[in-house]
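Here is the structure we will look at.
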Amino acid sequence: MLEIALMFAVLCFAGGLFLNLWRIARGPSRADRILALDTMVINVISLLVLYGIWEGTSVYYEAAMLVAMVGFVSTVAYCRFVLRGDIIE
């Protein structure tokens, strides 16, 4: 039963990931692209955690934490670039 639930969750998050990729490619504004990028990072984190549950190892949780930190920094840097045109002042 757990395998079925994990597979369903993986399919849902993977579908959300592909919809976020579509929003990044076709977003009408820069704000939509930034939000899609941030949501895409959240979907990748959830896929890593689900794969860690499936494999039964804690290595993927650490990878999910690294992706979360890099995703936060990249979202902030992209927002600063859009708003100011420069990342480092």
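The values are calculated or read from the model by the stated rules, or taken from the named source; none is laboratory data. Since this is a predicted model, take the numbers as computed values, not measurements. Here Cβ is always computed from backbone atoms with ideal geometry, including for glycine, and neighbour counts include all displayed protein chains.
For the range 70-87, enumerate the residues that are surrounded by 11 or more Cβ atoms within 10 Å (Cβ to Cβ) and either assigned to a helix (DSSP H, G or I) or not hydrophobic (A, V, I, L, M, F, W, C) (or both). Matches in the range 70-87: Val70, Gly71, Phe72, Ser74, Thr75, Val76, Ala77, Tyr78, Cys79, Arg80, Phe81, Val82.
State all residues of the range 1-17 that are part of a helix (DSSP H, G or I) and either in contact with a Gly (Cβ under 6 Å, 6 or more places away or on another chain) or over 21 Å from Val70 (Cβ atoms) (or both); if no residue qualifies, say none. Answer for the range 1-17, where residues must be part of a helix (DSSP H, G or I) and either in contact with a Gly (Cβ under 6 Å, 6 or more places away or on another chain) or over 21 Å from Val70 (Cβ atoms) (or both): Leu2, Glu3, Ile4, Ala5, Leu6, Met7, Phe8, Ala9, Val10, Leu11, Cys12, Gly15. Exactly one residue out of Val41, Val70, Val59, Val10 is touching a Leu at 6+ places or on another chain (Cβ under 6 Å) and of a type outside the set (S, T, N, Q), and it is Val10. Looking at this structure, is Ala36 assigned to a helix (DSSP H, G or I), surrounded by 16 or more Cβ atoms within 10 Å (Cβ to Cβ), without any contact (Cβ under 8 Å) to a residue 40 or more places away in the chain and touching a helix residue (DSSP H, G or I) at 6+ places or on another chain (Cβ under 8 Å)? Taking the combined requirement at face value, the residue satisfies it. Put simply, of Ala31, Ala63 the only residue that is hydrophobic (A, V, I, L, M, F, W, C) and at pLDDT below 90 is Ala31.
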